[in-house]
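Here's the structure, in C-alpha coordinates; my notes come after.
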Amino acid sequence: MAHLGIDGSYVARRVAAGQLGPVIEELRDGSLDGVNVTMPLKTQAAALADTLTHEAEASGSVNTMRLRSGAVEGHSTDVVASSRAISDERFDPTAPVLILGAGGAAAAAIIGATGREVYVAARDIQGAAALAARIGNGAGVVPLGVGVSGALVVNATPLGMGGERLPEAITATSSGIVDLPYGPHETLTVAEAREAGLPFMDGVEFLVLQAAASFEWWTGLPGPLEVMVRAARNT
(Lines give C-alpha, C1' and ligand atoms only; values in the text may rest on other atoms or scores of the structure.)
Protein backbone atom coordinates (compact mmCIF):
# COMPACT_ATOMS: atom_id res chain seq x y z
CA MET A 1 0.00 0.00 0.00
CA ALA A 2 2.83 2.41 0.83
CA HIS A 3 4.51 1.71 -2.51
CA LEU A 4 1.33 2.64 -4.40
CA GLY A 5 0.55 5.64 -2.19
CA ILE A 6 -2.52 4.09 -0.58
CA ASP A 7 -3.34 5.39 2.91
CA GLY A 8 -4.14 2.25 4.89
CA SER A 9 -2.93 -0.39 7.28
CA TYR A 10 -2.66 -4.18 7.26
CA VAL A 11 -2.41 -5.80 10.68
CA ALA A 12 -2.43 -9.33 12.10
CA ARG A 13 -5.11 -10.45 14.51
CA ARG A 14 -5.33 -13.65 16.50
CA VAL A 15 -8.91 -14.93 16.30
CA ALA A 16 -10.00 -18.00 18.25
CA ALA A 17 -11.92 -20.80 16.57
CA GLY A 18 -15.60 -19.90 16.48
CA GLN A 19 -14.90 -16.19 16.96
CA LEU A 20 -14.76 -15.06 13.35
CA GLY A 21 -18.31 -13.68 13.45
CA PRO A 22 -17.44 -10.36 15.15
CA VAL A 23 -14.72 -9.74 12.56
CA ILE A 24 -17.27 -10.25 9.78
CA GLU A 25 -19.50 -7.67 11.47
CA GLU A 26 -16.63 -5.16 11.26
CA LEU A 27 -16.66 -5.71 7.51
CA ARG A 28 -20.41 -5.11 7.45
CA ASP A 29 -20.22 -1.85 9.41
CA GLY A 30 -17.29 -0.49 7.39
CA SER A 31 -14.68 -0.70 10.16
CA LEU A 32 -12.67 -3.03 7.91
CA ASP A 33 -12.26 -2.92 4.13
CA GLY A 34 -10.92 -6.45 3.75
CA VAL A 35 -9.94 -9.55 5.68
CA ASN A 36 -7.51 -12.38 5.07
CA VAL A 37 -8.20 -15.64 6.91
CA THR A 38 -5.71 -18.37 7.74
CA MET A 39 -6.18 -21.94 8.86
CA PRO A 40 -8.08 -23.22 10.78
CA LEU A 41 -10.76 -20.61 10.03
CA LYS A 42 -11.06 -20.90 6.23
CA THR A 43 -14.00 -23.31 6.28
CA GLN A 44 -15.82 -21.19 8.86
CA ALA A 45 -15.20 -18.11 6.72
CA ALA A 46 -16.85 -19.85 3.77
CA ALA A 47 -19.90 -20.61 5.91
CA LEU A 48 -20.17 -17.01 7.18
CA ALA A 49 -19.87 -15.30 3.79
CA ASP A 50 -23.06 -14.16 2.09
CA THR A 51 -21.73 -15.01 -1.36
CA LEU A 52 -18.79 -17.02 -2.67
CA THR A 53 -16.67 -16.62 -5.77
CA HIS A 54 -16.34 -19.60 -8.09
CA GLU A 55 -12.90 -20.35 -6.63
CA ALA A 56 -14.17 -20.32 -3.05
CA GLU A 57 -17.24 -22.40 -3.85
CA ALA A 58 -15.21 -25.02 -5.70
CA SER A 59 -12.60 -25.34 -2.95
CA GLY A 60 -15.00 -25.02 0.00
CA SER A 61 -12.55 -22.58 1.55
CA VAL A 62 -12.25 -18.78 1.95
CA ASN A 63 -9.08 -16.87 2.73
CA THR A 64 -10.10 -13.39 1.52
CA MET A 65 -13.25 -11.37 2.28
CA ARG A 66 -14.71 -7.98 1.38
CA LEU A 67 -18.02 -6.09 1.46
CA ARG A 68 -19.73 -5.33 -1.87
CA SER A 69 -23.27 -3.94 -2.25
CA GLY A 70 -24.03 -4.79 1.36
CA ALA A 71 -22.98 -8.45 1.05
CA VAL A 72 -19.87 -10.10 2.49
CA GLU A 73 -18.08 -11.90 -0.34
CA GLY A 74 -15.71 -14.80 0.22
CA HIS A 75 -12.87 -15.60 -2.17
CA SER A 76 -10.02 -18.12 -2.37
CA THR A 77 -6.77 -16.58 -3.54
CA ASP A 78 -5.23 -19.97 -2.77
CA VAL A 79 -6.84 -21.10 -6.02
CA VAL A 80 -5.71 -17.99 -7.90
CA ALA A 81 -2.13 -18.39 -6.63
CA SER A 82 -2.10 -22.09 -7.53
CA SER A 83 -3.25 -21.35 -11.06
CA ARG A 84 -0.65 -18.61 -11.50
CA ALA A 85 2.12 -20.76 -10.03
CA ILE A 86 1.35 -23.81 -12.16
CA SER A 87 1.18 -21.69 -15.33
CA ASP A 88 4.33 -19.71 -14.49
CA GLU A 89 6.62 -19.34 -17.49
CA ARG A 90 9.52 -21.12 -15.81
CA PHE A 91 7.60 -24.43 -15.95
CA ASP A 92 6.73 -26.67 -18.91
CA PRO A 93 3.10 -25.82 -19.80
CA THR A 94 2.53 -29.34 -21.16
CA ALA A 95 3.84 -31.22 -18.11
CA PRO A 96 1.48 -33.29 -15.95
CA VAL A 97 0.96 -31.94 -12.44
CA LEU A 98 1.54 -34.08 -9.34
CA ILE A 99 -0.06 -32.56 -6.23
CA LEU A 100 1.07 -33.78 -2.83
CA GLY A 101 -1.48 -33.50 -0.02
CA ALA A 102 -5.18 -33.98 0.67
CA GLY A 103 -6.06 -30.76 2.51
CA GLY A 104 -7.25 -27.30 1.54
CA ALA A 105 -4.02 -26.29 -0.18
CA ALA A 106 -4.13 -29.45 -2.28
CA ALA A 107 -7.76 -28.78 -3.18
CA ALA A 108 -6.83 -25.29 -4.35
CA ALA A 109 -3.96 -26.70 -6.42
CA ILE A 110 -6.22 -29.28 -8.09
CA ILE A 111 -8.64 -26.54 -9.11
CA GLY A 112 -5.74 -24.31 -10.18
CA ALA A 113 -4.46 -27.09 -12.45
CA THR A 114 -7.77 -27.45 -14.32
CA GLY A 115 -7.09 -28.32 -17.94
CA ARG A 116 -3.87 -30.18 -17.16
CA GLU A 117 -3.20 -33.87 -16.56
CA VAL A 118 -3.36 -34.03 -12.76
CA TYR A 119 -2.38 -36.62 -10.16
CA VAL A 120 -2.84 -36.46 -6.38
CA ALA A 121 -0.74 -38.27 -3.77
CA ALA A 122 -1.01 -38.24 0.03
CA ARG A 123 -0.18 -40.39 3.04
CA ASP A 124 -3.91 -40.94 3.35
CA ILE A 125 -4.56 -42.35 -0.12
CA GLN A 126 -8.28 -42.68 0.61
CA GLY A 127 -8.34 -39.02 1.55
CA ALA A 128 -6.56 -38.17 -1.69
CA ALA A 129 -9.10 -40.19 -3.66
CA ALA A 130 -12.01 -38.51 -1.86
CA LEU A 131 -10.54 -35.07 -2.55
CA ALA A 132 -10.00 -35.83 -6.23
CA ALA A 133 -13.57 -37.13 -6.50
CA ARG A 134 -15.00 -34.04 -4.76
CA ILE A 135 -13.19 -31.58 -7.02
CA GLY A 136 -14.16 -33.69 -10.01
CA ASN A 137 -11.72 -32.54 -12.70
CA GLY A 138 -10.47 -36.02 -13.55
CA ALA A 139 -7.43 -36.08 -11.28
CA GLY A 140 -5.83 -39.50 -10.83
CA VAL A 141 -4.51 -40.82 -7.53
CA VAL A 142 -1.05 -42.32 -6.98
CA PRO A 143 0.63 -43.56 -3.77
CA LEU A 144 2.80 -41.00 -1.97
CA GLY A 145 6.42 -41.69 -2.88
CA VAL A 146 5.69 -42.72 -6.45
CA GLY A 147 6.90 -40.28 -9.09
CA VAL A 148 5.10 -39.21 -12.25
CA SER A 149 7.51 -38.86 -15.15
CA GLY A 150 8.11 -35.24 -16.16
CA ALA A 151 5.57 -33.87 -13.68
CA LEU A 152 5.49 -30.43 -12.15
CA VAL A 153 5.34 -31.31 -8.45
CA VAL A 154 3.23 -29.10 -6.15
CA ASN A 155 4.07 -29.82 -2.52
CA ALA A 156 0.88 -28.83 -0.67
CA THR A 157 1.94 -30.60 2.54
CA PRO A 158 3.96 -29.35 5.54
CA LEU A 159 6.88 -31.59 4.48
CA GLY A 160 9.95 -29.37 4.53
CA MET A 161 9.01 -27.04 7.38
CA GLY A 162 10.82 -29.32 9.82
CA GLY A 163 13.81 -30.04 7.60
CA GLU A 164 12.26 -33.05 5.84
CA ARG A 165 12.87 -33.76 2.16
CA LEU A 166 10.39 -35.08 -0.36
CA PRO A 167 10.81 -38.72 -1.43
CA GLU A 168 13.57 -38.97 -4.03
CA ALA A 169 11.35 -40.92 -6.44
CA ILE A 170 9.10 -37.86 -6.64
CA THR A 171 11.75 -35.21 -7.21
CA ALA A 172 14.04 -37.32 -9.41
CA THR A 173 11.36 -37.72 -12.07
CA SER A 174 9.97 -34.18 -11.90
CA SER A 175 10.33 -31.31 -14.37
CA GLY A 176 9.81 -28.59 -11.77
CA ILE A 177 8.81 -27.92 -8.14
CA VAL A 178 6.30 -25.60 -6.48
CA ASP A 179 7.12 -25.95 -2.77
CA LEU A 180 4.49 -24.33 -0.54
CA PRO A 181 6.20 -24.66 2.89
CA TYR A 182 8.16 -21.54 3.84
CA GLY A 183 10.17 -20.18 6.74
CA PRO A 184 13.33 -18.21 7.50
CA HIS A 185 15.43 -20.68 5.49
CA GLU A 186 14.78 -22.43 2.19
CA THR A 187 13.60 -26.02 2.36
CA LEU A 188 15.79 -28.96 1.43
CA THR A 189 13.54 -29.55 -1.57
CA VAL A 190 14.20 -26.05 -2.89
CA ALA A 191 17.93 -26.33 -2.16
CA GLU A 192 18.11 -29.63 -4.04
CA ALA A 193 16.12 -28.26 -6.97
CA ARG A 194 18.44 -25.27 -7.17
CA GLU A 195 21.50 -27.52 -7.11
CA ALA A 196 20.03 -29.79 -9.79
CA GLY A 197 19.13 -26.85 -12.05
CA LEU A 198 15.44 -27.72 -11.78
CA PRO A 199 12.96 -24.83 -12.15
CA PHE A 200 11.22 -24.10 -8.85
CA MET A 201 8.98 -21.70 -6.96
CA ASP A 202 9.45 -21.51 -3.21
CA GLY A 203 6.86 -20.96 -0.51
CA VAL A 204 7.58 -17.24 -0.11
CA GLU A 205 6.92 -16.63 -3.81
CA PHE A 206 3.69 -18.61 -3.56
CA LEU A 207 2.65 -16.67 -0.45
CA VAL A 208 3.19 -13.43 -2.35
CA LEU A 209 1.00 -14.67 -5.22
CA GLN A 210 -1.79 -15.25 -2.68
CA ALA A 211 -1.25 -11.82 -1.14
CA ALA A 212 -1.13 -10.04 -4.49
CA ALA A 213 -4.38 -11.68 -5.57
CA SER A 214 -6.04 -10.49 -2.34
CA PHE A 215 -4.67 -6.98 -2.85
CA GLU A 216 -5.99 -6.89 -6.44
CA TRP A 217 -9.42 -8.14 -5.34
CA TRP A 218 -9.68 -5.46 -2.65
CA THR A 219 -8.25 -2.47 -4.52
CA GLY A 220 -8.60 -3.22 -8.23
CA LEU A 221 -4.88 -2.50 -8.57
CA PRO A 222 -2.21 -5.05 -9.52
CA GLY A 223 -0.07 -6.10 -6.58
CA PRO A 224 3.55 -4.97 -7.00
CA LEU A 225 5.10 -8.45 -6.89
CA GLU A 226 8.76 -7.46 -6.68
CA VAL A 227 8.07 -5.07 -3.80
CA MET A 228 6.00 -7.71 -2.02
CA VAL A 229 8.64 -10.42 -2.45
CA ARG A 230 11.32 -8.13 -0.99
CA ALA A 231 9.05 -7.34 1.96
CA ALA A 232 8.24 -11.02 2.52
CA ARG A 233 11.93 -11.93 2.49
CA ASN A 234 12.79 -8.89 4.67
CA THR A 235 15.34 -7.74 2.09
(request) Just report the Cα centroid separation between region 106-182 and region 41-95, whole Å. (result) 19 Å
(message) Assuming 0.36 nm per residue, please report the length gained on full extension of the stretch Q19 to L207 beyond their Cα-Cα distance.
(response) 65.2 nm
(request) DSSP loop (so not H, G, I, E, B), at most 14 other Cβ within 10 Å: list which trypsin sites (Lys or Arg not before Pro) in region 92-178 pass both filters. (result) R123, R165
(request) Report, in degrees rounded to the nearest 10, the 0 to 90 angle that the Cα long axis of helix 125-135 makes with the longest principal axis of the chain. (result) 50 degrees
(message) Just to be sure I understand: with springs between alpha-carbon atoms less than 10 Å apart, which residue in A16, A212, A132 has the highest mean-square fluctuation in the Gaussian network model of the chain?
(response) A16
(request) Taking 7 Å along the Cα-to-C-beta vector as the label spot, tell me the A129-H3 distance in nanometres, rounded to one decimal. (result) 4.6 nm
(message) Using only Cα atoms and rounding to the nearest 10 degrees, what angle (0 to 90) does helix 77-86 make with the longest principal axis of the chain?
(response) 30 degrees
(message) Using a 1.4 Å probe on the protein heavy atoms, what percent of the accessible area of the chain belongs to carbon and sulfur?
(response) 54 percent
(request) Grab the DSSP H runs of the chain that are 4 residues or longer, score each as -39,500 (n - 2.57), total them, divide by all residues and round the 222 nm result to the nearest 500 deg cm²/dmol. (result) -11000 deg cm²/dmol
(request) Please check which bits of region 1-15 a label hung off L225 would reach, taking the label as a point 7 Å along Cα-to-C-beta and the cut-off as backbone N under 19 Å. (result) 1, 3-4
(request) Calculate the dipole size of the chain relative to its Cα centre from +1 charges on Lys and Arg beta carbons and -1 charges on Asp and Glu beta carbons; express the result in debye to the nearest 20. (result) 260 debye
(message) With a 1.4 Å probe and all protein chains left in place, how much accessible area per residue does the chain have, in Å²?
(response) 50 Å²
(message) Loop only by DSSP, 13 or fewer other Cβ within 10 Å of the Cβ. Give me the trypsin sites (Lys or Arg not before Pro) in region 59-109 that pass, ordered by residue number.
(response) R90
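The values are calculated or read from the model by the stated rules, or taken from the named source; none is laboratory data. Being a predicted model, the structure only gives us computed values, none of them experimental. A quick note on method: Cβ atoms are made from the backbone with ideal geometry, for glycine too, and the neighbour counts reach across all protein chains shown. For the accessible areas, the whole protein counts, side chains as well, though only heavy atoms, and no ligand, DNA or RNA atoms are used. Shrake-Rupley method; radii C 1.70, N 1.55, O 1.52, S 1.80 Å.
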